[in-house]
Amino acid sequence: MNKIDIDNLPDVRDGLTRRERIVLYCLHEAQAERDGRNVPTAMLYGRVVEYIDMSEDELQQILQRLLSQE
């Protein structure tokens, strides 16, 4: 299995992919630094690409998918 397949494979524990988990981790860290305030998408994107190569559109799709699950 190559790296791309692993990044998109849902985890059996909670169904999150590695990419979704990185987005949530970066969002959590940024919110903590901003005392719980909202995090601008551009700031979140800058943090996410430090961990994984991702397009802005892909980040938007992940955020939409995560928000629709609440």
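Put simply, of Val39, Val12 the only residue that is surrounded by 11 or more Cβ atoms within 10 Å (Cβ to Cβ) and not hydroxyl-bearing (Ser, Thr, Tyr) is Val39.
Would you check if Leu24 is assigned to a loop (DSSP other than H, G, I, E, B) and under 16 Å from Arg65 (Cα atoms)? Full working, then the answer.
Details: assigned to a loop (DSSP other than H, G, I, E, B): no; under 16 Å from Arg65 (Cα atoms): yes.
No: the conditions fail for Leu24.
Restricting attention to the range 22-36, the residues that are surrounded by 14 or more Cβ atoms within 10 Å (Cβ to Cβ) and free of Cβ contacts under 8 Å to residues at least 12 places away in the same chain add up to 1.
No value in this document is a laboratory result; all are computed from the given coordinates. No experiment lies behind these values; they were computed from the predicted model shown. So basically every Cβ, Gly included, is an ideal-geometry build from the backbone, and we count neighbours across all protein chains shown.
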